[in-house]
């Protein structure tokens, strides 16, 4: 809306769009099929962006125009500045998109698409237009203007031509992940979310950072608070998305993140339910709305003041490549690292064994899963290592919370699976670490220590130090590689904490990489080195 109450809208349209007589562009150029958008990928190969301004009473059009080149374009968002100029952003696959002489980027970056930024005056005349994109894929989904007129952009990118800020929170997009399929190759929008700040004329990039992990992160909406701190919300994919003091981690179809004004830090970032809209009030409080399910909407108010005791994420403890699951699950008996700030004592405090069991407190710290205290292996300000309680069996999610000297952290909702294996150690028959410098003999017995396979039979108690008779693994699992890996024992590890299991197997004939421990639909990988 502009100051007079006129609505300005944007989107995508074909040649039948009802332009006005004063339109900047009346007819859509001929369509094309560019190499980057062939094969059925979901990129615009025809049509244009449009921009339309309605009179305050909605009864007539002040102007309505198409905007685009020959290969397909779409408008995603529009904002009106204090002078009544309409700023519009979107996606273009057209190398001949109509940029102006003073464009920040006058040439198409290449690949599947670029983003674009355009400014129209109050009468609907094009005053400015520029490409913004690199050699593969870029799309601008939303923009916001601050009190000084600076332009903030967000969307998804595999890397802009413009350099990121030297102090940016993330200076490069995250690497893409591998997506296998059958049939002709298809391109997926494997980019990272970003925040780009332009000066009030959009002639200069004054800040740029990315935000993401391998696979796809796409920011759909942006807002800027009164101190110039941008908030973005969008769609995460896979695990590892950067979080800080979250409400949820690895669960939910959306995310909400807040940057510092210089884009160097992310003091708050959380997975969330699917986000459809974002706004920030004068006090710096964010409001988001979206879909909870197919039949439920939600609205939420988020205050991003960091808690005194802060949990950032909960992750596995493996010292080998992580599990292949699209997200990292908590599972009964899994050894976990609870990472945060001021979460424990300044110095590392080891857990204690009392009456044959690891205690649930160390250094004034306790960690609960739906209120059930977990055995603590060690505690420090940045990390508390725990074993997930067996009471999680049968659940699909759990709330994790740290308490330090009676001060509670933020509560973090996490996904739970019946089994989510991780490999803690790979050992030779003499229980030395298997490595290139210390390989095993072919046909010898080897051992892996793992967790995340759930309860044993007979069952163990949380924190119990296991001694004979040792319970056997009850979860269905497999150990496989290019050669056979005959398993001779799978059960509780002698003298270990309940949840850690020992799997003994016969060494293969030669070194094997990407050996898989699979259970519960997720995999953990490790390497076996053979003489």
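Data for the structure
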{"item": "Hits in the range 503-528 (condition: out of contact with any strand residue (DSSP E or B) (no Cβ under 6 Å at 6 or more places or on another chain), assigned to a loop (DSSP other than H, G, I, E, B) and farther than 12 Å from residue 420 by Cα)", "result": "508, 509"}
{"item": "Residue 459 being touching a helix residue (DSSP H, G or I) at 6+ places or on another chain (Cβ under 9 Å), farther than 30 Å from residue 271 by Cβ and surrounded by fewer than 18 Cβ atoms within 10 Å (Cβ to Cβ)", "result": "yes"}
{"item": "Test: residue in the range 125-143 that is buried (at least 22 other Cβ atoms within 10 Å of the Cβ), outside any strand (DSSP E or B) and at pLDDT 95 or above", "result": "yes"}
{"item": "Candidates 148, 168, filtered to the one that is assigned to a loop (DSSP other than H, G, I, E, B) and surrounded by 20 or more Cβ atoms within 10 Å (Cβ to Cβ)", "result": "168"}
{"item": "Filter pass, residue 20 being outside the structural domain of residue 276 (by TED's automatic domain parsing) and either modelled with pLDDT of 95 or more or touching a strand residue (DSSP E or B) at 6+ places or on another chain (Cβ under 9 Å) (or both)", "result": "yes"}
{"item": "Flag if residue 474 is under 15 Å from residue 334 (Cα atoms), surrounded by 12 or more Cβ atoms within 10 Å (Cβ to Cβ), at pLDDT 95 or above and not assigned by TED's automatic domain parsing to the domain that holds residue 352", "result": "yes"}
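The values are calculated or read from the model by the stated rules, or taken from the named source; none is laboratory data. Owing to the predicted nature of the structure, the values given are computational and were not obtained by experimental measurement. Reconstructed Cβ throughout: ideal geometry from the backbone, glycine too, with neighbour counts over all protein chains shown.
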